[in-house]
Every structure is written in C-alpha cells, then in structure tokens.
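Student: Just dropping this structure here.
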Amino acid sequence: MQGNGFKLGLTIFFVGLCGFYLFPSVQNLYVSYQMDQMGEEERQEYRQENRQRLESIRESSLNLGLDLQGGMHVTLEMQVSNLLDQLASSKDEAFREALSAARQRARQEDISVVNAFVEEFESRNPDGRLSRYYRSEADGITRRSSNGEVQDYLTTQVSDAVDNAMQIVRNRVDRYGVTEPSIQKQGSRRISVELPGVEEEERVRNLLESASQLTFHLMGDPQQLQASVQRIIEYYEPSAADSARIADAAAADTTTQTSGTDTSETTEGTALATQSQQDAESQEGTSLTEPGAESGSGPQNPLLAVMQPLPRQGSPTVGYVQGPDTAQVNDLLSDPDVQRMIPSGTQFLWTANPVPGTDNTYGLLSVRTEPELTGDVITEASVQFRQQTNEAMVSMSMNSEGARIWGRVTKANVGEQVAIVLDGLVYSYPNVDEPIMGGRSQISGLESRQEAADVVTILQSGSMQAPVDIIEERTVGPSLGDASIRAGLISVIVGLLLVVLFMIMYYHTAGIVADVALLLNVILILGILAGFNATLTLPGIAGIVLTIGMAVDANVLIYDRVREEQNTGKTLKAAIAAGYEQSLSAILDANITTFFMGVILYSFGVGPIQGFAVTLMAGILSSLFTAIIVTRLIFDYMVEERRMDVSYG
C-alpha cells in the first residue's frame, strides 16, 4: 500500500462527504417509515411537536422531482401582443388589424408574435413604417428607424419582459414556499414551471397568472352612468317583430292562453328596467333575486335576463350578476354599439369577490379608465386585521412620489369613492372621508387571510409587463409518485443484481472487487446529487440504471487487459499495473465523450432531460473514480499486503 496514502485518503474523504450529505435523506426515510406506522391522530400530534425538526430534515434531504413526489407542471405564455400594444403610441386601424392578424397566426402556427406582426403590417402597408408607432430615444428608435430596427427593438423588449416575468414567477414561488422549483424559459415567450409537492392547484394557478398590475382609479360619474345603462337596456329591448313571433309560437303551443297576454310582455323589459332602478335604491346591499326569475315565457331583454341593473344617484354600480352569468354579460357589453354607449373615459370592471350577503353574486362597477396611481409606488405590503371584525386586509405603504400623488387625489375627492384594482378586478372602492397623507392605503374585501397573503406576495414580487396565460398544466398525484419510486427502485435493484452476478461468474475474485466498487459508485452518485442540491427524477433513476451498466465497462477493459498481460508471462502484480496503465486511455476516451453528451443534454434539455443528464454526469465521474482508484487500491492491498492470488476468470 506504499504510495497509495493519497488515494486512500481521497477515497475516505469522498465516502465521508457523501455520507454526510446522505444522512438527512436516511433520517427522512426513517422518520417517514415511523410516521406511516402511526394512526392519523398520533401522526398529526407528532407533526405538531416536531414541525421544525421535520422541516429541517426535509430541506436537507435529497430532493425528489415532480414525477416522484407529485406536484404541478405548468407552462406559461406571455401575451406578447398585449405588450406590443402597450409599447405602441398613435395606434390606428392599420396597427390594430396587423396586430390582431399576428396574434391569430402566432397561435395557429406557433411562430414569433413580433415576426408575424411585422410581416402582417408590411403585407398590408408596403410603404408603411413601424417607427410611427414605436419610439424610444434610449434604444435609438426614432421616426427614421427602419422596420428591421423596430423589429429588433421589439424582440429585445419581449425577451426582457419574459426574463422579468421569470424572475417575478420565481419570487412568487419562493414566497409560496415550494422547495426546489424548476423555472425555465422555453422559446421566445414561454416559461416552464415545475412545482414539486404542491397540492393547492387553484391557489398556485391564480398566483402564477396574476400580472400584479395594481392601479387606483376614480369612479365613473353616476349621472352619466344612469343614462348610459338605460340606453344599453333599451338597446337590447326585444323588437315588436320578436314579440309577435314569440307570441305566435306561444299561441300555437297552448290552447288555454289568449293572445291578450302578449301585449304586456312586449313592454316587460322596459318595465323591469324601471322597476329595477326603483328597487335598487332600497335593495342594494341586501340579498338579490335571481335575474330573470320572474320573466315568464315572453320575449326577454337578454341583458336584464342575467343582470339586475342598479345605477342610481351617487352610486357607481352598474348592476349585480350571478357568477356563471358574468361571461354572458361580458359578451353583451362587448358589442361595439354598446361600447359607444359607455361614458367616455370610463370602463366597467367586476368586483373581485361576491357582494356581501350573497354567495355568488358579483358587482359591475363604472371606473375611470385612466388610473390616478399605479402599484409601482408601493414599497411595502403586509397582512393586517380589522380590530372589530378580524377581517383580513392588505396594508400598503407608498414611496414619497406616490404619497404626494395619493394625498393630492384624496384631497380633491373627499366624499367620493376610489377603486383599488388588481389585475382588472376591483378589490375595494372605499369612500374618501378625508385626505390621506403619508402614502398609506389598504385593500379590503378579501375572502380570507390566505388570499390577503397571496395579494401581498404578488405585490412584493413586482408586476409583469404583460399578462401571462397557462397554456399547459399537468398534475402528478402523490400516489403516482409513490408508484414511480417503487418501480424505479425495483429497476435499480434488478439491474444491480444482474450485473453483480455476471461479474462474479465471469471474473471470479476480480468480479467481487468490481461489485464492491459498483455499490460504492451508487452511494457516490446519490451523495453527489445531495451535495449539489440536485433533484432526483424518474429519468434520473433511469440514468442510475444506465450508469450501473456503464460502471463495470471500465472494469471489463482493465480485467481483460490484465488477462492478456498474464498470458504473456508477467507476474500478477506486473500484469495489474500494466492492465490499468494500458487501458486508461480507452476508458477516459469513452467516458469523456459520454460526459460531453451529458453536458449537451443538460444545456439544451428541460425538466426530465436535465434530470437524466445530471445523474449521467454524476455517474460517469463516480464510476471513473471507483473503477480506476478504488479497485486499484483493493488489488494493491490484496496482492502486495495480503499476498493473495486474485483470479480474473
């Protein structure tokens, strides 16, 4: 063993280091086994008493991927067309047509929205210049910039926006408490997110999709709103022809009804609208009747059939709508003729939560289009509770500029309402009782402490430049993860046993040495993964199985070379030395090329591919160490120290 001190020390060091990193994983397995043997009540009590210890063990354990412990895989796509629209100014019909066509092409052909937009614009306007919409002195985009320069500018802006969205998603996921999430960019506008161990899918979905665009708006003029809603209701009033047609159909269906009832039905919509206005003054804030519930069989105003209008003096409320009917109301209000009836400079927005006293009824509010203030001025947000009701709310602090503007706005609108809007939904619209100085504000009307905490997370993570949509979502249940772990362990054990038996049968004593190195190799792989905080996935287990087969490949080369040297008449000691020396170059060539393939897979792959690549590279490094260093140490000990006769089969 003379001259092997360094190799022996290196081996002990690596084995000890891997043992140190794997110890928490062994602890976690043992604790999990203990908890599985407990009853439900005892298990809950054990978790409460040992919460910190269990969390510490879990955080230090080898991370399991989405496919092994369950969780969510989500693919987000940025609304690039929305970003292009935001960046543009002086937009006209040609711009909107080109952007709309580009949006459809990008969705159908899965191509870049920017490229599609430029192509559509140039095909519609051969001599047109995009620089009339886009200007940026900082980026050198002026009125003389070519379409190609504007295209490069837009591509850079989209790339920066996606990078910014990735960072915001990462901040939100970190604050949510997910251990070892995988967040990666896919293509030019997509983000892949893997969240192991997540069980509250709906909550995570809302957290990821929120654009975090917080704005403060003044409410619309109630008098203008009242006249506007009346015009919209009249717009959807059934015509006399509709009434006659439906009356004829009703008369044909029944012989007991007389046509006299039809006359009153033709005016039902208008009468209901008037009655609704009167009722609104006494019923707002109380329980609602189902819209259209008493409409009978006559022709109905489609808007009144799903919405209870509530415009009245001093109120910005357009009406109340049952949750399932909000999409239909949106469709009715999106009619271009109806849009022209909405007071200029205002928009209709839904309340984020149901009206107090109802389970699933939402308010539609008239809000000024231009915000008075944006969420960029928010410097701090936290969850607070009202002393009297214990209602959860979000308390916010603004920077000096925001505080100055907020003070001016509230001072000029004492007695009026101000809407606090997050991602297009009105969370609260309190009355301004007095000017608010100091830049503090609150978001109330939240359903629970959890929602308040999520809003705080969203505000503190920053706002995205454009909304993102979930275009793909997969959920892996914990039971499927357990089945994957069992299948993976069985494949590893079976593969290991087959290789162990083959090496013993073919190489006898040397085969046993190779098997010892093989077992040590598996421990080192897991230790490397734990040490580098890598995540073990199902493809990663496949990588371990593959590595088991490849690990003995080096031993096979060495052993066959030793056999050849022995056949030439060399002593065992000389044959071993020559065998290792002569086969080293071939072993290094094979493993280095495979390692480079692992690097390429890791660089260009995502998710499971990267998991496989990491395990493969860790396996190559550990197998080289065990096959060249560890086995040579064992042979030197057996031949030089113990004077044993080692058989190579």
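The values are calculated or read from the model by the stated rules, or taken from the named source; none is laboratory data. Quick caveat, the model's predicted, so the values are computed rather than measured. Cβ coordinates were reconstructed from backbone atoms using ideal geometry, including for glycine residues, and neighbour counts include every protein chain displayed. Note: accessible area is taken over every heavy atom of the protein model, side chains too, but ligands, DNA and RNA are not part of it. Shrake-Rupley method; radii C 1.70, N 1.55, O 1.52, S 1.80 Å.
Student: Among the residues of segment 1-29, write down those that are of a type outside the set (Gly, Ala, Ser) and exposed (fewer than 11 other Cβ atoms within 10 Å of the Cβ).
Tutor: GLN2, PHE6, ILE12, PHE13
Student: Kindly provide the set of residues from segment 292-308 that are modelled with pLDDT under 85 and touching a helix residue (DSSP H, G or I) at 6+ places or on another chain (Cβ under 8 Å), ordered by number.
Tutor: SER295, GLY296, SER297, GLY298, PRO299, GLN300, ASN301
Results for (1) among the basic types (Lys, Arg); (2) more than 30 Å from ALA483 (Cβ to Cβ), shown as yes or no for each residue.
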position	(1), (2)
ALA534	no, no
LEU538	no, no
ILE541	no, no
LEU546	no, no
ALA551	no, no
ILE558	no, yes
LYS570	yes, yes
ALA578	no, yes
SER583	no, yes
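Student: How many residues are within 21 Å of ILE233 (Cβ to Cβ) and either among the small types (Gly, Ala, Ser) or outside any helix (DSSP H, G or I) (or both) when one looks only at segment 335-377?
Tutor: 18
Student: Please go through segment 529-539 and pick out each residue that is farther than 12 Å from LEU68 by Cβ and either touching a His at 6+ places or on another chain (Cβ under 6 Å) or open to solvent by 50 Å² or more (accessible area, probe 1.4 Å) (or both). Lay out the reasoning, then the answer.
Tutor: Initial filter on segment 529-539 (farther than 12 Å from LEU68 by Cβ): 529-534.
Within segment 529-539, PHE532, ASN533 meet the criteria.
Student: Of the conditions (1) within 19 Å of MET437 (Cβ to Cβ); (2) under 29 Å from the mean Cα position of the chain (by Cα), GLN328 clears all except one; give me its number.
Tutor: Checking GLN328 against (1) within 19 Å of MET437 (Cβ to Cβ); (2) under 29 Å from the mean Cα position of the chain (by Cα), the one that fails is (1).
Student: LEU64 is checked against (1) under 30 Å from ILE609 (Cβ atoms); (2) of a type outside the set (Ser, Thr, Tyr); (3) open to solvent by less than 10 Å² (accessible area, probe 1.4 Å); (4) touching a residue at least 24 places away in the same chain (Cβ under 8 Å) and fails just one. What number does that condition carry?
Tutor: It fails just one condition, (3).
Student: Determine which single condition LEU526 fails, assuming it passes every other condition in (1) open to solvent by 10 Å² or more (accessible area, probe 1.4 Å); (2) farther than 30 Å from LEU195 by Cα.
Tutor: (2)
Student: Just to be sure I understand the filter: pairs with C-beta atoms under 6 Å, separated by 6 or more residues or on different chains, first member in segment 505-528 and touching a residue at least 12 places away in the same chain (Cβ under 8 Å), second member open to solvent by 50 Å² or more (accessible area, probe 1.4 Å). Which pairs pass?
Tutor: Close Cβ pairs satisfying both conditions: TYR506/GLY649; TYR507/GLY649; HIS508/GLY649; GLY511/ILE504; GLY527/TYR21.
Student: Same structure, new question: Please state which of the following conditions GLY415 fails to meet, knowing it meets all the rest: (1) open to solvent by 20 Å² or more (accessible area, probe 1.4 Å); (2) in a strand (DSSP E or B).
Tutor: Tallying (1) open to solvent by 20 Å² or more (accessible area, probe 1.4 Å); (2) in a strand (DSSP E or B), GLY415 fails exactly one: (2).
Student: So how many residues does segment 608-641 have that are in contact with a helix residue (DSSP H, G or I) (Cβ under 6 Å, 6 or more places away or on another chain), β-branched (Val, Ile, Thr) and under 22 Å from LEU62 (Cβ atoms)?
Tutor: Final tally of qualifying residues: 4.
Student: Right, next: Only residues that are among the polar types (S, T, N, Q) and open to solvent by 60 Å² or more (accessible area, probe 1.4 Å): list them for segment 313-356, please.
Tutor: GLN313, GLN328, ASN330, SER334, GLN339, SER344
Student: Which of the residues that make up segment 200-241 are closer than 21 Å to LEU333 by Cα and at pLDDT below 75?
Tutor: Listed by number, the list holds a single entry, SER239.
Student: Now for a different question. Of the numbered conditions (1) in contact with a Phe, Trp or Tyr (Cβ under 9 Å, 6 or more places away or on another chain); (2) buried (at least 17 other Cβ atoms within 10 Å of the Cβ), ILE57 fails exactly one; give the number of that condition.
Tutor: Of (1) in contact with a Phe, Trp or Tyr (Cβ under 9 Å, 6 or more places away or on another chain); (2) buried (at least 17 other Cβ atoms within 10 Å of the Cβ), only one is false for ILE57: (1).
Student: Name the residue that is farthest from VAL329 (Cα to Cα), counting only residues in segment 372-392 that are in contact with a Phe, Trp or Tyr (Cβ under 7 Å, 6 or more places away or on another chain) and open to solvent by 50 Å² or more (accessible area, probe 1.4 Å).
Tutor: GLU391
Student: Please find, within segment 483-501, the residue that is surrounded by the most Cβ atoms within 10 Å (Cβ to Cβ) out of those that are over 21 Å from LEU22 (Cβ atoms) and either under 37 Å from the mean Cα position of the chain (by Cα) or in contact (Cβ under 8 Å) with a residue 40 or more places away in the chain (or both).
Tutor: Filtering first and then ranking leaves VAL499.
Student: So, one more: Kindly list the number of the only condition in (1) touching a strand residue (DSSP E or B) at 6+ places or on another chain (Cβ under 7 Å); (2) surrounded by fewer than 15 Cβ atoms within 10 Å (Cβ to Cβ); (3) polar (S, T, N, Q) that fails for SER90.
Tutor: Result: SER90 fails condition (1) only.
Student: Output the residues belonging to segment 142-173 that are open to solvent by 40 Å² or more (accessible area, probe 1.4 Å) and over 19 Å from the mean Cα position of the chain (by Cα).
Tutor: Listed by number, the residues that qualify are THR142, ARG143, ARG144, SER146, GLU149, GLN151, ASP152, THR155, THR156.
Student: Step by step: first the residues of segment 114-129, then only those that are modelled with pLDDT of 90 or more and open to solvent by less than 20 Å² (accessible area, probe 1.4 Å), then the one that is nearest to ALA165 (Cα to Cα). Which residue is that?
Tutor: Checked segment 114-129; the qualifying residue nearest to ALA165 (Cα to Cα) is VAL114.
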